[in-house]
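> Supplied in structure tokens, the structure appears directly below.
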Amino acid sequence: MIPFNRPPSTGTESRYIEEALTQGKLSGDGPFSQLCQRWFERRLGCERAFLTPSCTHALEMAALLIDVKPGDEIIMPSYTFVSTANAFVLRGARIVFVDIRPDTMNIDETLIEPAITEKTRAIVPVHYAGVGCEMDPIMALANRYGLYVIEDAAQGMMSTYKDRPLGTIGHLGAFSFHETKNYTSGGEGGLLIVNDASFTNRAEIIREKGTNRSQFFRGMVDKYSWVGVGSSYLPSELQAAYLWAQLNLAEQIRDNRLAIWNGYHRAFKLLISRGVVEGPALPAASAHNAHMYFLKVRDLEERTTLIDHLKQSGVMAVFHYVPLHATPFGQTMGRFHGEERFTSQESERLVRLPVWYGMSVEEQEQVIQSLLAFFD
Ligand SMILES: *Cc1c(COP(=O)(O)O)cnc(C)c1O
């Protein structure tokens, strides 16, 4: 059986975890966390990088940082993971969903402005499949209306938009190191990127359970105490040690995934050019990280038969994201602004093929042949 995903592993994780076990500090912001955070700050060129236990937590921190109040409205696509919305719903916000573009499956940047009201506080673009949203027009809108932009870059580590790393363009950015993403910190993990320096102080406090312990450790205050709202948003050193192994091979992991991605794209070129399936669109402005290879088939029925066919040939292909506005809870927590032309229709056509770091040529060939046989 070809699984849909294998958690990335470089072979050096256990060595760093051993090291973390012997260094006598396992709680958050120890040596391995610092190594990872400094790496992100240098590599992404951001103001500050904070490891978190998940991208969900990074988004929750972002909602706390921009001080979302009950009744505030947050604009985002409906075609996304529940955490994008939940982080703001937890603070009492209403979610305003906007349609996606059928080519990238990203939020349609031209539909955001009509969705803005007096209550709008933030726009949350989701970089689907690690392909950048049209950030220039989104940032221009945000500046014009005084809104925050929080990038859900869960899938976008090592991708760029106009040569700027995803996650560093908005005021805040959130990444995931869940085992289904390109890099993992041992199954679960995340990262909050602070680009607007005015958030740094409070980010430290929120992450340290509402205390100024970070300042205390730097010797800036002589005792630490409760200074604001907060929660427990530090991952353990074991997670950071696992992640550090992967960051050392960050380019290699991305390039290996890109080779697999390109292999699929070559193999399905004819199917795509004949219009049998639709391939992923790659806007010129965005250099992607091969987070995902997807195809879009005719409709839901064809997708169901294709996934069944692949399963019988030993290949696990998947789909995801029932659009949030169509879920029972989503209907009570938000509204869809404007016409819903593409979100449901396009999401029902999409199928994701197996991609993981280190996937062998033979494994990929089995996926390709099974898929080609279906359309033959
Ligand atoms: C994976 C994912 C998340 C959640 O990440 P966790 O680290 O599992 O919390 C949020 N948003 C998007 C778009 C994702 O793909």
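> Keeping to the range 82-92, report how many residues are within 10 Å of the ligand (Cβ to nearest atom) and crowded, with 24+ Cβ neighbours inside 10 Å.
Matching residues across the range 82-92 total 3.
> Still on this structure: Within the range 42-53, track down each residue that is surrounded by 24 or more Cβ atoms within 10 Å (Cβ to Cβ) and near the ligand (Cβ under 9 Å from one of its atoms).
Listed by number, the list holds a single entry, THR52.
> Six or more apart or on different chains, Cβ atoms under 6 Å: show the pairs whose first residue is in the range 40-59 and touching a residue at least 12 places away in the same chain (Cβ under 8 Å) and whose second is more than 8 Å from the ligand (Cβ to nearest atom) and among the charged types (D, E, K, R).
ALA49/GLU41; PHE50/ARG207
> Taking the range 1-41 as the search range and keeping residues that are of a type in the set (Asp, Glu) and surrounded by 15 or more Cβ atoms within 10 Å (Cβ to Cβ), which one is farthest from ALA241 (Cα to Cα)?
GLU41
Yes or no, residue by residue, for (1) under 17 Å from CYS55 (Cβ atoms); (2) acidic (Asp, Glu); (3) touching an Asp or Glu at 6+ places or on another chain (Cβ under 7 Å):
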{"site": "ASN201", "(1), (2), (3)": "no, no, no"}
{"site": "ALA240", "(1), (2), (3)": "yes, no, no"}
{"site": "ILE253", "(1), (2), (3)": "no, no, no"}
{"site": "LEU270", "(1), (2), (3)": "no, no, no"}
{"site": "ALA281", "(1), (2), (3)": "no, no, yes"}
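> Something else about it: Within the range 170-216, how many residues are within 16 Å of the ligand (Cβ to nearest atom) and of a type in the set (Val, Ile, Thr)?
Total satisfying the criteria: 3.
> Additional query: Any chance you could count how many residues in the range 93-120 are more than 30 Å from PHE319 (Cα to Cα) and touching a Lys or Arg at 6+ places or on another chain (Cβ under 8 Å)?
Adding up the residues that qualify gives 1.
> Restricting attention to the range 192-230, report how many residues are buried (at least 20 other Cβ atoms within 10 Å of the Cβ) and among the aliphatic types (A, V, I, L, M).
Residues flagged as buried (at least 20 other Cβ atoms within 10 Å of the Cβ) and among the aliphatic types (A, V, I, L, M) within the range 192-230 amount to 6.
> Is there a residue in the range 66-81 that is in a helix (DSSP H, G or I), of a type outside the set (Ser, Thr, Tyr), modelled with pLDDT of 95 or more and within 16 Å of the ligand (Cβ to nearest atom)?
no
> Taking helices (runs of 4 or more DSSP H) that fall entirely within the range 139-247, which contain at least 3 residues that are within 20 Å of the chain's Cα centre (by Cα) and farther than 15 Å from HIS57 by Cα? It would help to see each step written out before you state the result.
Details: elements: 200-207, 213-217, 237-247.
Helices (runs of 4 or more DSSP H) meeting the threshold: 237-247.
The values are calculated or read from the model by the stated rules, or taken from the named source; none is laboratory data. All values derive from a computational prediction rather than experimental measurement. Please note: Cβ atoms are built from the backbone with ideal geometry, for glycine as well, and neighbour counts cover all protein chains shown.
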